[in-house]
Amino acid sequence: MNDSTEAVPFKIDIEEEKLNDVQERLKKSRLSEDFGNQDWKYGTERNYLSEILKYWIQNYNWRHQEEKINSFPHYKCEIDGNPIHFIHVKGSGKNAKPIILSHGWPWTFWDYQKIIDPLANPEKYGGDSEDSFDVIVPSLPGYGFSTPLKKTGINFWKTSDLWVSLMKDVLGYEKFFAHGGDWGSLVTLQLGHKYSEIVPALHTHTAINLDFFERPVPTEDEFSESEKKLHRRNVEFWTEGNGYFQIQATKPQTLSYGLNDSPIGLCAWLIEKRRSWGDCGNDIESRFSKDDLINTTMIYWLSESFVTSARYYYEAMHNIWKASHNRTPIVESAVGFTVFEGDIIFRPKKLMAEANNLQYWNVTEKGGHFAPMEEPEFLVKEIRKFFSSYRSLV
């Protein structure tokens with residue numbers, strides 16, 4: 001990659017006109033009729049969405065949330081014509097190691113809010129400053145404030161090229177670590193495949209492989225006995241929960257017109273995934289507050305990024321990943337997986353060990369697809385633990 005621009009400080013400061021427009025649209029919301037849907041089997045349930053709508057109009061305060069988001073240092077740059085927004089927090093220790101955290105959909109960079117400071121300043125949370133990281137949290141291209149995206153073809157494996165340019169050319173790190181979830185796992189694994197000399201170790205919390213789109217659901221006999229329930233969860237997702245995937249991978253633009261026009265419609269599309277994919281026990285607010293849910297919606301809404309975030313699926317399905325080399329394992333960097341049983345996507349350990357230089361595998365009962373928001377303290381411990389063996393390599 002080339003044509004990287006210098007990172008410049010960036011402050012989120014949404015025009016009052018845009019915030020007033022959201023309120024006007026919310027007050028004019030027309031929710032569709034809903035019946036027989038107390039268990040959300042048809043999708044987002046109207047009564048709960050009405051609660052969100054009322055809270056959003058009467059109690060939610062974007063300026064308060066904006067202030068919290070801006071408490072971290074933000075920057076923007078342009079790489080190969082693509083606008084990139086990121087948070088960059090320097091670690092407290094003299095030997096802090098750079099780590100880039102990549103999010104997924106329907107996430108935003110703000111889903112990492114709870115683990116940024118503990119990774120950068122471990123001594124404030126009962127840890128040791130010698131384990132600190134320089135933490136970089138970018139918005140995926142076309143997501144949030146990494147907009148407006150004007151190029152087609154930008155997908156997870158091209159994002160890894162952008163991340164190398166961000167870390168090396170813009171920020172000056174010769175080597176770095178990487179962690180991710182959902183799309184961020186694929187971005188991270190691609191770094192370990194194509195750039196193992198630059199990224200000697202990586203960690204993810206989504207058990208997925210780079211050839212995922214060629215065979216998303218392994219057969220049951222490929223799972224060990226202890227993994228059978230993970231397989232059942234996987235099958236349930238691909239039979240009952242992947243309608244969004246089919247739409248966003250085929251005709252994302254059509255869907256975007258409705259969700260770019262209705263904030264409550266966008267919210268309904270996003271929060272159903274939080275409830276279904278998180279370890280919520282059918283109680284979405286056991287993991288995500290109303291502010292959390294609205295924050296996610298607002299970041300997509302205010303940046304008008306739903307359309308390009310949805311196109312990320314199209315670009316992955318229509319630009320299938322191809323290996324950069326034929327060596328084995330496919331991912332040569334040291335790889336660690338922390339598997340949360342409440343997640344929706346799993347590859348069995350056997351397959352993961354065949355494709356990756358697997359050095360760490362831990363399965364935990366608590367937590368789901370949005371681990372940094374659901375189990376942040378545990379995830380921080382896992383990240384520190386895994387990378388402790390590789391800090392001398394960066």
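The values are calculated or read from the model by the stated rules, or taken from the named source; none is laboratory data. Quick caveat, the model's predicted, so the values are computed rather than measured. Cβ atoms come from the backbone with ideal geometry, glycine included; neighbour counts cover every protein chain shown. In case anyone asks, the SASA skips ligands and DNA or RNA and just uses the protein heavy atoms, side chains included. Shrake-Rupley method; radii C 1.70, N 1.55, O 1.52, S 1.80 Å.
When segment 204-230 is examined, which residues are found to be under 22 Å from the mean Cα position of the chain (by Cα) and in a helix (DSSP H, G or I)?
First, pick out the residues of segment 204-230 that are under 22 Å from the mean Cα position of the chain (by Cα): 204-217, 230.
Passing the criteria: Phe212, Phe213, Glu214, Leu230.
Look through segment 385-394, keep the residues that are surrounded by fewer than 18 Cβ atoms within 10 Å (Cβ to Cβ) and of a type outside the set (Gly, Ala, Ser), and return whichever of them is farthest from Asp117 (Cα to Cα). Walk me through it before giving the result.
Of the residues in segment 385-394, the ones surrounded by fewer than 18 Cβ atoms within 10 Å (Cβ to Cβ) are 385, 388-389, 391-393.
Those left that are additionally of a type outside the set (Gly, Ala, Ser): 385, 391, 393.
Details: Lys385: 17, Arg391: 19, Leu393: 23 Å.
Residue satisfying both the conditions and the ranking: Leu393.
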I need a count of the residues in segment 136-156 that are within 18 Å of Ile99 (Cα to Cα) and either among the polar types (S, T, N, Q) or open to solvent by 10 Å² or more (accessible area, probe 1.4 Å) (or both). 1
Considering (1) surrounded by 18 or more Cβ atoms within 10 Å (Cβ to Cβ); (2) without any contact (Cβ under 8 Å) to a residue 12 or more places away in the chain; (3) of a type in the set (Asp, Glu), say which one Asp131 fails and leave the rest. (2)
Counted residues in segment 364-376 being assigned to a strand (DSSP E or B) and either under 17 Å from Tyr112 (Cα atoms) or without any contact (Cβ under 8 Å) to a residue 40 or more places away in the chain (or both) come to 4
Would you check if there is a residue in segment 344-356 being open to solvent by less than 60 Å² (accessible area, probe 1.4 Å), within 23 Å of the chain's Cα centre (by Cα) and farther than 21 Å from Val217 by Cβ? no
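Would segment 12-20 turn up any residue that is of a type in the set (A, V, I, L, M, F, W, C) and crowded, with 18+ Cβ neighbours inside 10 Å? Full working, then the answer.
As a first pass, look at segment 12-20 and keep what is of a type in the set (A, V, I, L, M, F, W, C): 12, 14, 19.
Okay, now just the ones that are also crowded, with 18+ Cβ neighbours inside 10 Å, so none.
Within segment 12-20 (the criterion being of a type in the set (A, V, I, L, M, F, W, C) and crowded, with 18+ Cβ neighbours inside 10 Å), the answer is no, since none of the residues qualifies.
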Kindly check whether there is at least one residue in segment 289-297 that is open to solvent by 40 Å² or more (accessible area, probe 1.4 Å) and under 14 Å from Phe370 (Cα atoms). yes
So which residues in segment 161-192 are surrounded by fewer than 24 Cβ atoms within 10 Å (Cβ to Cβ) and either within 13 Å of the chain's Cα centre (by Cα) or more than 18 Å from Leu393 (Cα to Cα) (or both)? Asp161, Leu162, Ser165, Asp169, Val170, Leu171
Collect the residues in segment 305-322 that are open to solvent by 60 Å² or more (accessible area, probe 1.4 Å) and in contact with a helix residue (DSSP H, G or I) (Cβ under 9 Å, 6 or more places away or on another chain), keeping them in residue-number order. Arg311, Tyr314, Met317, Ile320, Lys322
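Matching residues to (1) of a type in the set (A, V, I, L, M); (2) without any contact (Cβ under 8 Å) to a residue 60 or more places away in the chain; (3) at negative phi:
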{"residue": "Ser256", "(1), (2), (3)": "no, yes, yes"}
{"residue": "Gly278", "(1), (2), (3)": "no, no, yes"}
{"residue": "Ser286", "(1), (2), (3)": "no, yes, yes"}
{"residue": "Ser305", "(1), (2), (3)": "no, no, yes"}
{"residue": "Ala323", "(1), (2), (3)": "yes, no, yes"}
Under 6 Å between Cβ atoms, at least 6 apart or on separate chains: pull out the pairs that start in segment 135-157 with a residue that is under 17 Å from Leu202 (Cβ atoms) and end on any residue that is among the hydroxyl-bearing types (Ser, Thr, Tyr). Val137/Tyr112
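Residues checked against (1) touching a strand residue (DSSP E or B) at 6+ places or on another chain (Cβ under 6 Å); (2) part of a helix (DSSP H, G or I); (3) among the β-branched types (Val, Ile, Thr); (4) within 30 Å of Lys151 (Cα to Cα):
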| site | (1), (2), (3), (4) |
| --- | --- |
| Ser309 | no, yes, no, yes |
| Tyr312 | no, yes, no, yes |
| Glu341 | yes, no, no, no |
| Phe346 | no, no, no, no |
| Lys350 | no, yes, no, no |
| Phe378 | no, yes, no, no |
Against the definition (outside any helix (DSSP H, G or I), among the aliphatic types (A, V, I, L, M), free of Cβ contacts under 8 Å to residues at least 24 places away in the same chain and open to solvent by 30 Å² or more (accessible area, probe 1.4 Å)), how does Val235 come out, yes or no? no
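State whether one or more residues within segment 208-222 are more than 19 Å from Ile320 (Cβ to Cβ), open to solvent by less than 40 Å² (accessible area, probe 1.4 Å) and either out of contact with any His (no Cβ under 9 Å at 6 or more places or on another chain) or of a type in the set (A, V, I, L, M, F, W, C) (or both).
Going residue by residue through segment 208-222, those that are more than 19 Å from Ile320 (Cβ to Cβ) are 219-222.
Still in the list and also open to solvent by less than 40 Å² (accessible area, probe 1.4 Å): none.
Within segment 208-222, none of the residues are more than 19 Å from Ile320 (Cβ to Cβ), open to solvent by less than 40 Å² (accessible area, probe 1.4 Å) and either out of contact with any His (no Cβ under 9 Å at 6 or more places or on another chain) or of a type in the set (A, V, I, L, M, F, W, C) (or both).
Looking at the structure I just gave you, is Trp40 open to solvent by 10 Å² or more (accessible area, probe 1.4 Å), in contact (Cβ under 8 Å) with a residue 60 or more places away in the chain and farther than 23 Å from Tyr173 by Cβ? Talk me through it step by step, then tell me what you get.
Values: open to solvent by 10 Å² or more (accessible area, probe 1.4 Å): yes; in contact (Cβ under 8 Å) with a residue 60 or more places away in the chain: yes; farther than 23 Å from Tyr173 by Cβ: yes.
The answer is yes for Trp40.
Somewhere in segment 44-66, is a residue in a loop (DSSP other than H, G, I, E, B), open to solvent by 50 Å² or more (accessible area, probe 1.4 Å) and over 30 Å from Leu189 (Cα atoms)?
Going residue by residue through segment 44-66, those that are in a loop (DSSP other than H, G, I, E, B) are 44-45, 59-61.
Those left that are additionally open to solvent by 50 Å² or more (accessible area, probe 1.4 Å): 59, 61.
Filter once more, keeping what is over 30 Å from Leu189 (Cα atoms): 59, 61.
Yes - at least one qualifying residue is present in segment 44-66.
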For the list (1) aliphatic (A, V, I, L, M); (2) in contact with an Asp or Glu (Cβ under 9 Å, 6 or more places away or on another chain); (3) assigned to a loop (DSSP other than H, G, I, E, B), I need the number of the one condition that Leu31 fails. (2)
